[in-house]
Amino acid sequence: MPSACVTGGNGFLASALIRQLLEKGYAVNATVRDPGNEQKAGQLKQMQSLGTLTIFRADLEEEGSFDEAFNGCDYVFLVAAPVKIMSENPEEELIKPAIKGVLNMFKSCVKTKATLKRVILTSSAAAVSINQLEGVNLVMDEEAWSDLTFLTTTKPRTWGYAVSKVLAEKEAIKYAEENELSLVRVIPSLIVGPAVGSVLANSTQLSLCLLSGNEGMIRGFRQMQCLSGSISMVHVEDLCRAHIFVAEEKVAAGRYICSAVNTSLPELACFLRMRYPQRRLTTDCSDLPEKSKVILSSEKLIKAGFEFKYSKLEDIYDETIRSAEAVGFLTPTANGSTHVQIGE
Ligand SMILES: NC(=O)c1ccc[n+]([C@@H]2O[C@H](COP(=O)([O-])OP(=O)(O)OC[C@H]3O[C@@H](n4cnc5c(N)ncnc54)[C@H](OP(=O)(O)O)[C@@H]3O)[C@@H](O)[C@H]2O)c1
């Protein structure tokens, strides 16, 4: 039975990844900060019925706290990270803990080097596409890094998160090289789709803001297009499959962007209007550039043999809207039909 540890086990991505690993027959160790917190860890405990799942307490800020959970594992998925994107104190709440967290997790990886086949780090498109380039449809691949000078001098609203992801990734590369650990980094764009529990993840809520009408989220979505150059998304199920794919693929190395669709807010508003005509949009964002500046390329992942199941906007949104209706985040539409085929 292959074994894996997933850090941040209560989180949106980590809990979906744990479920997929259990379904594939892995023995899974999951780390959480507070196993006694039923509200957070309850859904994880329920997954123990799916297979061999052991829950450990670990905190990114505590050296040695991942030792027990990583011990003897074939694969370690480093998913936990500070994600308080709108932090008022990014240095203390995002950047320092992200770097320290990576270091602490890698120190625990080294202690179990004898069994460890690979470390898989979840980074972010925020570490790739934020720059001062101008243009339309600029293709960004794994060579691209967000511009730290631009971020730290102009300090746009979410600068700290992007900086934390760049620096954490670079720290991981350095530590893995120095200690001869096999490291692969997965770079997701906005992660959307159903959550394991009954609460829709923040990133999924963001993807639905044109339909929910949440003003704060619409502002955030607009900032995302302005800063990162596009609205790019990946379905959580595909992203979990990609994490397992790059773990198991012997020749995998370096970074892998995992992003299924690239669009802009005006294009997205147009798509939503046509596909879900029963739903009202409060804005069409037509003041923003119609074409996205950036296209995040997942070509490396696809060339390695990975196939997206949710490769089009309609695949992603049909499923995401269904899950939002199921948990009461969106009200089902009167005629019960969630979409029409574009062109009907
Ligand atoms: N969601 C997206 O759209 C998106 C896009 C690109 C990349 N990512 C990356 O994907 C990963 C997972 O994100 P997510 O959306 O699943 O976020 P999430 O649901 O908020 O999960 C983050 C997890 O990290 C844990 N964590 C935070 N600080 C910690 C600490 N000091 N010690 C231990 N654990 C800590 C949290 O634990 P608690 O449960 O105890 O709070 C939580 O379980 C992150 O690395 C994020 O940067 C996310």
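The values are calculated or read from the model by the stated rules, or taken from the named source; none is laboratory data. Computed from a prediction, not measured in an experiment: that's the story for all the values here. All Cβ positions, even for glycine, are placed from backbone atoms using ideal geometry, and neighbour counts span all protein chains on display. Surface accessibility is based on the protein's heavy atoms, side chains included, excluding ligands, DNA and RNA. Shrake-Rupley method; radii C 1.70, N 1.55, O 1.52, S 1.80 Å.
The table below lists the values:
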{"item": "Accessible solvent surface per residue of the chain, calculated while the other protein chains remain in place, 1.4 angstrom probe, Å²", "result": "44 Å²"}
{"item": "Percentage relative contact order, the chain, counting C-alpha pairs under 8 Å, at least six apart", "result": "16 percent"}
{"item": "Convex hull of Cα atoms in region 3-326, direction-averaged projection (nm²)", "result": "15.7 nm²"}
{"item": "Amide H contacts of Ile130 (H built 1.01 Å from N, under 5 Å, at least 5 apart or other chain)", "result": "Ser146, Asp147"}
{"item": "Residue-averaged [θ]222 nm for the chain, counting only DSSP H segments that reach four residues, each worth -39500 (n - 2.57)", "result": "-11500 deg cm²/dmol"}
{"item": "Max mean-square fluctuation residue, GNM over the chain, Cα-Cα springs under 10 Å, options Asp141, Asp287, Asp238", "result": "Asp287"}
{"item": "Placed amide H near Arg118: partners under 5 Å, 5+ positions off or other chain", "result": "Val76"}
{"item": "Degrees between helix 236-248 axis and first principal axis of the chain (Cα, 0 to 90, nearest 10)", "result": "30 degrees"}
{"item": "Too-long pairs where the Cα-Cα distance tops 24 Å, listed order kept, from Lys117/Lys312; Lys107/Lys165; Lys40/Lys170; Lys100/Lys293; Lys165/Lys300", "result": "Lys117/Lys312; Lys40/Lys170; Lys100/Lys293"}
{"item": "Carbon/sulfur fraction of accessible area - region 131-275, other protein chains in place, 1.4 Å, %", "result": "51 percent"}
{"item": "DSSP bridge orientation in region 3-326 - percent antiparallel, rounded to nearest 5", "result": "10 percent"}
{"item": "Net +/- balance of residues flanking Asp318 in space, Cβ distance below 10 Å, scoring K and R +1, D and E -1", "result": "0"}
{"item": "Rounded tilt (10° steps) of 96-111 against the dominant C-alpha axis of the chain", "result": "40 degrees"}
